[in-house]
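A.B. asks: I'd like to ask you about the structure that follows.
Each value in this text was obtained by applying a stated rule to the coordinates, not by laboratory testing. Nothing here was measured: the structure is a model prediction, and the numbers come from that model. Here the Cβ positions follow ideal geometry from the backbone for every residue, glycine too, while neighbour counts run over all protein chains shown.
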Amino acid sequence: MAEKVYTGRELSAFCLQVSILLKAAVPLDEGLYLMADDAPTEEEKKLLHTMGEDVELGDPFFESLERTGAFPPYVVRMAKLGQQSGTLDQMMESLADYYEKEYYMMKNIRNAITYPVMMVGMLLIVLFVLFTRVMPVFEQVYTQLGVQMSPLSQAASRLGGILSGAALVVFVLLAVAVAVAAIAAGAGKKLTIAHKLMERLKRNSKTARAAAGRRFTAVLALTIRSGMELEKGMALARELVDNSKVAEKIDVCSEKLQEGENYYEAMKESGLFSSFHIQLIKVGVRSGKMDEVMQNISDDYEQQADASIDAMVARLEPTLVAVLAIAVGLILLSVMLPLAGILAGVG
C-alpha cells in the first residue's frame with residue numbers, strides 16, 4: 001500500500017499535468033521527473049520519481065500507475081485504454097475534468113450537510129441554556145418578589161430543560177458516531193450499522209441518486225469516447241456507482257443488453273433514466289453521438305444535485321429559525337405574564 005494515495009482534486013491535478021506534458025510532446029518519463037521536482041512532499045517526490053524510472057525502463061504508464069497503489073483502479077484502466085488507443089493525452093484530460101467535477105460536487109454535498117448540522121447544534125445549545133440557566137433566574141426573582149410563575153410555565157420550563165438536554169446529548173453522540181465512522185472509513189474499514197444507514201440514506205436521497213447518475217453517465221461518456229464497447233463501459237461505470245438503487249437499475253440494463261435488446265430499449269426499460277433523457281439517448285443512438293449525449297446527461301445530473309442541495313438548505317434554514325423564534329417567544333411569554341401581573345398590582 002502506497003504511503004501517498006491520490007484522491008479528489010489531487011487526482012484531477014495529476015491527470016491534467018500528465019495531459020499537458022503529453023500534448024507538449026514531452027517524453028512521459030521526463031515529465032514525471034519534472035513533476036517529482038515540483039512535488040510538495042517527499043512521499044510524492046519519491047512516488048513520481050519511481051514512476052518516471054519505470055516508464056524510462058520501458059514499462060507501460062498504466063502498469064506504473066497500478067504498481068504504486070496510489071491511484072484508483074478506474075484511473076489505471078482508463079490510462080491503459082488511452083495508451084492502447086494512442087489517446088492517452090485526451091484520456092488524462094478527460095479524467096482531470098471528471099475528478100474536478102467529482103471533487104466540487106462532493107464538496108458542495110459536504111458543505112450542505114455541515115451547515116444545517118451546525119445550525120441544529122447551535123439551536124439545541126441556545127435552547128438548553130435558555131431553559132436551564134435563564135428561566136431559573138427569573139423564577140428566583142419572582143419568588144423574591146412574592147410572585148409565583150404559573151404551573152404551566154414552570155412545567156414547560158422543566159420539560160424544556162429535560163428535552164433540550166436530551167436532544168443535545170443525542171446530537172453529541174451522533175456527532176461522535178459519525179466521526180468514528182468517518183475515521184473507520186478512512187482506514188478502509190466499514191462499520192456495519194453505519195454502512196447500512198448510509199445505504200438507506202443514499203437510496204432515498206434525491207441528491208445522492210443524482211450524484212450517482214452523474215458519476216455513471218460521466219464515466220460512460222468517457223469510455224464510449226475512448227472506443228470501448230457500451231457493455232464494457234457500463235460494467236466499468238457500474239463499479240464506481242455507490243448507490244444501490246442506481247446500481248440495481250444499471251444491472252437490469254446490462255441484463256437486457258445481454259439478452260439482445262438495443263441500447264435505447266434496454267435503457268428505457270431499466271428505468272435508469274427519465275423520459276427526457278431517454279429521448280436524448282434515442283437521438284444519440286441514431287446519430288452515433290452517444291458520448292456527447294451521456295456527457296450532456298451527466299451535466300444535467302450535476303445541476304439536479306446542486307438544485308437539490310440548494311432546495312434542502314432553503315427549506316431547513318427557515319424551519320430552524322421558526323423553531324428558535326417560537327421557543328424564545330414562549331419563554332418570553334412565560335416570563336412576561338407574571339411581570340405584567342406585578343405591574344398591574346403596583347398600578
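A.B. asks: Counting alpha carbon pairs within less than 8 Å and at least 6 residues apart, what relative contact order, in whole percent, applies to the chain?
C.D. replies: In percent, rounded to a whole number, it is 17.
A.B. asks: Going by a ≥ b ≥ c, the root eigenvalues of the Cα gyration tensor, does the chain fall in the rounded group (a/c under 1.5), the prolate group (a/b larger than b/c) or the oblate group?
C.D. replies: Values: a/c = 3.43, a/b = 2.10, b/c = 1.63.
Since a/c reaches 1.5 and a/b is larger than b/c, the shape of the chain is classed as prolate.
A.B. asks: Measure up Lys107/Lys289; Lys206/Lys249; Lys101/Lys206 against 21 Å on the Cα-Cα distance and list the ones that go over.
C.D. replies: From Lys107/Lys289; Lys206/Lys249; Lys101/Lys206, over 21 Å: Lys107/Lys289.
A.B. asks: Pairing the Cα long axis of helix 28-37 with the longest principal axis of the chain, what angle in degrees results, from 0 to 90 and rounded to the nearest 10?
C.D. replies: Its long axis makes an angle of about 40 degrees.
A.B. asks: Which angle between 0 and 90 degrees, to the nearest 10, do you get for helix 192-204 versus the longest principal axis of the chain when only C-alpha atoms count?
C.D. replies: 80 degrees
A.B. asks: Another question, then. Could you size up the charge dipole of segment 8-100 around its Cα centre, putting +1 on the beta carbon of Lys and Arg and -1 on that of Asp and Glu, and report it in debye to the nearest 20?
C.D. replies: 320 debye
A.B. asks: Please go through segment 1-100 and write out the GluC sites (Glu not before Pro) that DSSP classes as loop and that have at most 15 other C-beta atoms within 10 Å.
C.D. replies: Glu3
A.B. asks: Right, something else. Evaluate the charge dipole of the chain about its Cα centre and quote only its size in Debye, nearest 20, assuming +1 on the Cβ of each Lys and Arg and -1 on the Cβ of each Asp and Glu.
C.D. replies: For the chain, the charge dipole is close to 1860 debye.
A.B. asks: Express the relative contact order of segment 104-174 as a whole percentage, based on alpha carbon pairs under 8 Å and six or more residues apart in sequence.
C.D. replies: Value for segment 104-174: 44 percent.
A.B. asks: Which whole number of Å³ per residue matches the convex hull of the alpha-carbon atoms in segment 213-297?
C.D. replies: Measuring per residue, one finds 78 Å³ for the Cα hull of segment 213-297.
A.B. asks: Estimate the FRET efficiency between Met336 and Val169 by the formula 1/(1 + (r/R0)^6), using the beta-carbon distance for r and 25 Å for R0, to the nearest 0.05.
C.D. replies: Working from the Cβ atoms, E equals 0.25.
A.B. asks: Report the FRET efficiency, 1/(1 + (r/R0)^6), for Glu43 and Ile20, where r is their Cβ-Cβ distance and R0 is 30 Å, rounded to 0.05.
C.D. replies: Numbers: r = 23 Å, r/R0 = 0.76.
The formula returns an efficiency of 0.85 here.
A.B. asks: If you don't mind, there's one more thing I want to ask. Between Glu259 and Ser287, what is the FRET efficiency for a Förster distance of 22 Å, r being their Cβ-Cβ separation, to the nearest 0.05?
C.D. replies: Working: r = 25 Å, r/R0 = 1.12.
That gives a FRET efficiency of 0.35.
A.B. asks: Per residue, how big is the convex hull of segment 8-100 when only Cα atoms are used? Give it in Å³.
C.D. replies: So the per-residue hull volume is 84 Å³.
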